[in-house]
Amino acid sequence: MTQALLALLLTLARILPGPLDAQEVHQSPRVVIASEGESINITCSTRGDLEGLIMKRIWPQASNVIYFEDELEPTVDSAFSGRINFSGSQKNLTIIMSLLQEADTGAYTCEAVRKVSVHGLFTTVVVKEKLSHEAYRSQEPLQTSVSLPAAIAVSFFLTGLILGVLCSMLRKTQIKKLCASGNKDSLCVVYEDMSCSNRKIPCTPNQYQ
């Protein structure tokens, strides 16, 4: 069912006044929205003598869903077999529809069976698709596969940065020790020249140059 069709169906359920004799059969709720696998209740009540009560689906395909009569075995359409339960009497009957399917979406109306039958306002039932647990679980590995490489990349970057800083500090310490020992090799001379340059202090001439 498209969103436009669903919006139209819900609008009609709220604004249509129903037949003139609808006050003889009260039906609730007007609109009910549920997910697959859930249950809903539709209550039909009437006054006066009646032979029984029928709940029909009038959209999208017309069909009799149930026929209920006091002290008799109720009749249930095969499409709803095992998914319909009842509470109350034929004058005040609650019809419990369970294990809902998307195919159950439609408009349902109650009809009081008399010499002159009357029916109530219809109930619009909308059954939405329910996201399965498998779909939820399938999303978790995807999130993990995206976050894990990012975490590894950040870890490598930070590790390399820390190692670089430590190596630089260790290198400077070794050069200082070497220069302090009096072994003026080329590495020591370069280090001293750079140290003097950084401090902007005149350096003594390099006797080895």
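Each reported figure results from applying straightforward, stated rules to the coordinates on display, with no laboratory input. Note that the structure is a prediction, hence the values are computed from the model and not measured. FYI the Cβ positions are ideal-geometry reconstructions off the backbone, even for glycines, and counts take in every protein chain you see.
Give me the net charge for the shell around Asp70: Cβ to Cβ below 13 angstrom, other residues only, Lys and Arg +1, Asp and Glu -1. Summing Lys/Arg as +1 and Asp/Glu as -1 gives -4. Taking amide H as placed 1.01 Å from N in the peptide plane, Lys128 has its amide H under 5 Å from the amide H of Ala34, Ser35, Glu36, each at least 5 places away in sequence or on another chain.
With a simple spin-label model that places each label point 7 Å from the Cα along the Cα-to-Cβ direction, the separation between Ser63 and Ile96 comes to 2.3 nm.
Could you compute the net charge surrounding Lys128? Neighbours are other residues with a C-beta less than 10 Å from the C-beta of Lys128; K and R count +1, D and E count -1.
Numbers: positive: Lys130; negative: Glu36, Glu38, Glu102, Glu129.
Within the 10 Å Cβ shell, the charges total -3.
From the alpha carbon centroid of the range 104-127 to that of the range 35-91 is 9 Å. In this structure, the amide hydrogen of Thr43, modeled 1.01 Å from its nitrogen in the peptide plane, lies closer than 5 angstrom to those of Ser28, Ile95, counting only residues at least 5 positions away or on a different chain.
Around Glu102, under 15 Å between beta carbons, what's the net of Lys plus Arg minus Asp minus Glu among the other residues?
Numbers: positive: Arg57, Arg83, Lys128, Lys130; negative: Glu36, Glu38, Asp104, Glu129.
So the surrounding residues net to 0.
Between Val31 and Thr124, the built amide H atoms are under 5 Å apart, and every one of these is 5 or more places off in sequence or on another chain.
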